[in-house]
Structure formats: C-alpha cells, structure tokens
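Step one of this worksheet: look at the structure below.
The values are calculated or read from the model by the stated rules, or taken from the named source; none is laboratory data. Here the structure is a predicted model, which is why all the values come from computation and not from measurement. Neighbour counts are summed over all protein chains in view; Cβ atoms, including those assigned to glycine, are modelled from backbone coordinates with ideal geometry. With ligands, DNA and RNA removed, areas are computed over all heavy atoms of the protein, side chains included. Shrake-Rupley method; radii C 1.70, N 1.55, O 1.52, S 1.80 Å.
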Amino acid sequence: MAGEGSISVASLAVDRATVESMISRGDYLVIAGDESVLESLPSGNWIAGTIPYFMTDEGGKVDQEKLYVNVIEGLSSNNMPRLTLYDTNTISRVAQEAPEHGFTILILPANSDVHLNYAQNAPDFPKMYFAPIIGWISGMHLDNMGTQSAKVGFGPAGGMLSESQAAAMHITLPEDQVAEIKTVNLFEQGEGDAIAFSQSGFVVSDCKAGDADWKLSDYVREKGIDTRLPLVANYSGMMVNVSIQEVCDDSVKLYAPVFADVEYRFAKPVEDYVTQFNEQISSSNGSKVAFSCNCILNFLYSELEGKKTGKFTGPITFGEVAYQLLNQTMVYLTLTKI
C-alpha cells in the first residue's frame, strides 16, 4: 500500500440535491443533518446521524435545511471502506472489526440501548484502543426532545433510518499515513469534595462526597452546584467529563455513566470558552484535521452560536466518541503522512 495516494476527508455544507448527486456517483459519505432532510436519501455508500446543530466556517449554527457531509477521498478501488450496522448485541465487535491500520467513524443514536451499552462497556470491548474509533451521538432539535427520537442512517440498507442501531464506517489507510484521535476538554477538576459512587450508571442516587454519605441530588441542591459544570474524573492525566442532564427529587440523570469507585469532582468554571478553546488549539494544525465534533452542552452553555472555534467544523452532538463516550468535549481526528 505504500505506493498509494493518501486518504483525506473533505467537509462540506450542501443541499440535499447535491448529496443525492454525490451518492449516485458512489462517494463514501458521513452525513449529519435534521431528520426531515436525511429521510429517504437514496441507497449508497453512506452513514448518517440526525442533528441540526453544527460548527461551520461562519461559526456555530442551527440548520434544519442543509446537510453537513464528510467525504472520504483518495480511496483505491481495491481497498474501499466497510460500512456496518451494530445493535446492542453486536456493538462489542466494533473494535475487533476495525482496520488494523486505519480508523473507524461511529454514530450511535442518543438514548438507545446500543448507546447505553457502548457508554458503559466500550472501554472493555475486545481490541479497544488498538485502532482509532471516533464519532458521535445523534440527536434532534432540543425543541423536539421527548417527541422525536435520535436516529442513524445507513445507505447500504436502502437509506434506512434506525433509532436502535449504530452505524460505522471502517476506513483502511495506506501504510505511510497514520490516524490519531485528539480531544479538547477545557474542564478540569475543581477543589470541592471528591465524590465516589458504589454503582455505575446513567442514573445515580447515593454517593460519598468527602467523608459523608449523600444523595447526589441533595448534595447538588445544598451546595448550590452549577449543573452546567460536569463531574470530572482524572484517568491518568486525561480529564473525562460526565454531564448532568436533570436533578430529580432522589436521583440525578447523567448524559454519560459514572463508574463505581472512580473519584469525581465537579469542574472549575470556564470563564470564556471561545478564548480558552482557541488558546488550547493554537498549536494544532487545522489543515490536518479530517473530522471533528463538539458537544451540544458546550454550544449552549458557552453560547457558541455565531462564534468560531478555530478551523474545526462538524456536528454539534449529544455525545462524543474518542474510543469511549465523552461529554462536553471536542474530539477530532488527524491524518498525517509518516
């Protein structure tokens, strides 16, 4: 493969008719868009996720008319990407089926069984971390929460949209090119109590905060915690966020699971997301970025509509995948010649 050309990924914001033309000529596409524009796309070499929020060249944007497309370019006729559907019973195979030298783009529908399975178990899947797996959790316009389900699209199956399956594109790279996943997470652990849970999950009640036993919901209320700030765990120097969805009477609903016996602290506030983000990515070579996505909570809480985050464009999502599920984190993939 060393003599082959390089793989690259182009990012485009286009209308549906243009996407239909791209599909008809056989392009390999990763598509993001509102369900109303995604539904009934023709069969082809594409996967998709429902979302109407994007980071564009003009800044953060809500768009329910255009489709945002990543086009896989530089492919050779004898080494085309593999497109695969996974359900909650088969998602554990995603890393095993990833290319030995390449990367995988994965889209999972929010609040589905396959999303929950991946969120809780991905770090323990066979061969996880052997090859880059990057992707996102599909969603819907926030006005439609509770009345509309998140979906993924799968071109090889007649353009079907599914609320229960995940879609992946496995892409093999030439030997002289390497893929690497990177993250931008502005949150770090604050100086408050260390918090630990006896059980893993998306819904938590009892915890130990400092030396005392609490219901997390009571702790949040009595301590006046700003729930826009995530719980943060330190995994060997990598900060992993768990964002709060809702504080109920006796429990707290989360956008990602906490894990038993891991130490969490609520994050320090971020004063100016865009300025601090641009400082953190100033050393990144944006021209090498093949794919990126950022979190809907960053979009909302940091008021990113109309604001740019460097050269990074892509869907604003209900969760990010950088091997495992992340929250309130930008993830991106670089492709580099070696």
Sites Gln96 and Val203, calculated FRET efficiency, Cβ-Cβ separation with R0 22 Å, nearest 0.05: 0.15
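Nearest 5 is fine: what % of DSSP beta bridges in segment 1-150 come out antiparallel, could you say?
Percentage antiparallel, nearest 5: 55.
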For the chain, built as a Gaussian network whose Cα springs stay under 10 Å, the top-fluctuating residue of Cys207, Cys293, Cys248: Cys248
Computed [θ] at 222 nm, helices only, for the chain once each DSSP H run of length n ≥ 4 contributes -39500 (n - 2.57): -3500 deg cm²/dmol
Cβ-Cβ FRET estimate between Ala17 and Asp213, R0 fixed at 41 Å, reported to 0.05: 0.10
Accessible area of the chain divided out per residue, in Å², using a probe of 1.4 angstrom: 42 Å²
At most 11 other Cβ within 10 Å, DSSP loop - trypsin sites (Lys or Arg not before Pro), segment 254-327: none
Label-to-label distance, nm, for residues given as Ala157 and Val262 (7 Å Cα→Cβ offset): 2.9 nm
Relative contact order (percent, whole number), the chain, Cα cutoff 8 Å, 6+ residue spacing: 22 percent
Considering only segment 7-66, percent of DSSP beta bridges that pair antiparallel, nearest 5: 45 percent
Two-site label geometry, Ala10 and Asp176: point separation in nm, points 7 Å out along Cα→Cβ: 2.3 nm
Solvent-accessible area, 1.4 Å probe, carbon plus sulfur percent, for the chain: 43 percent
Pairs beyond 31 Å (Cα-Cα), from Lys151/Lys223; Lys127/Lys307; Lys151/Lys268; Lys151/Lys288; Lys223/Lys311; Lys127/Lys308: Lys151/Lys223; Lys127/Lys307; Lys151/Lys268; Lys223/Lys311; Lys127/Lys308
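What shape does segment 64-163 take by its C-alpha gyration tensor, where a ≥ b ≥ c are the square roots of the eigenvalues and a/c under 1.5 counts as rounded, a/b above b/c as prolate, and the rest as oblate? Please report the intermediate quantities before stating the final value.
Values: a/c = 2.07, a/b = 1.23, b/c = 1.68.
Oblate is the answer for segment 64-163, as a/c is 1.5 or above yet b/c matches or exceeds a/b.
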Counted charge near Gly210, where neighbours are those whose Cβ lies closer than 13 Å (Asp, Glu -1; Lys, Arg +1): -3
Fraction of antiparallel bridges per DSSP, the chain only, in percent to nearest 5: 85 percent
Largest to smallest principal axis extent of the C-alpha atoms in the chain, angstrom: 62, 43, 41
